[in-house]
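Novice: For reference, the structure I am asking about is given below.
The values are calculated or read from the model by the stated rules, or taken from the named source; none is laboratory data. This one's a predicted model, so the numbers in the text were calculated from it and none came from an experiment. Note that each Cβ is placed from the backbone with ideal geometry, even for glycine, and that neighbours are counted across all protein chains shown.
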């Protein structure tokens, strides 16, 4: 560890900071940045517009929730791409080794190898976590928009109770 204070604390220039922000980037699944350098900004902007056009957020809370959905869904597409690449790599390594086996056995063993592959398992965990985040933020956005439209307070999902009467109140038992 350096004791010279001028040499501690990482890069100081904007260029150095930009370079070091990419140091640990292998697959982009844990990146804080939504759009990575090798991704198409035009495609991303189209993705952003489609969400904003669909949800039509009003106010900062709805805009924040829509932005979260945009980021989560963009990362979900990345998860699918990384998972596909990881499976392709596993097949490329596994299949040549299994060439001596009958064709049906090769596919089964390659599939088992892929499913057991730690990288694929990790990637799928990221995907499930993203799906859960997406569902949570979508639900919150729907509650916010319902509250705004109806003028009522919609409680968080953990406290929500819906009571629906199908008959007039005076015909219910005990009234």
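Novice: Being assigned to a loop (DSSP other than H, G, I, E, B) and at pLDDT below 65 is the filter; apply it to segment 119-165 and report the residue that is farthest from residue 76 (Cα to Cα).
Specialist: My answer is 165.
Novice: I need every pair where a residue in segment 137-154 that is at negative phi and surrounded by 14 or more Cβ atoms within 10 Å (Cβ to Cβ) has its Cβ under 9 Å from the Cβ of a residue that is in a loop (DSSP other than H, G, I, E, B) and at pLDDT 90 or above, sequence separation at least 6 or different chains.
Specialist: 141/57; 144/57; 145/56; 145/57; 145/58; 148/58
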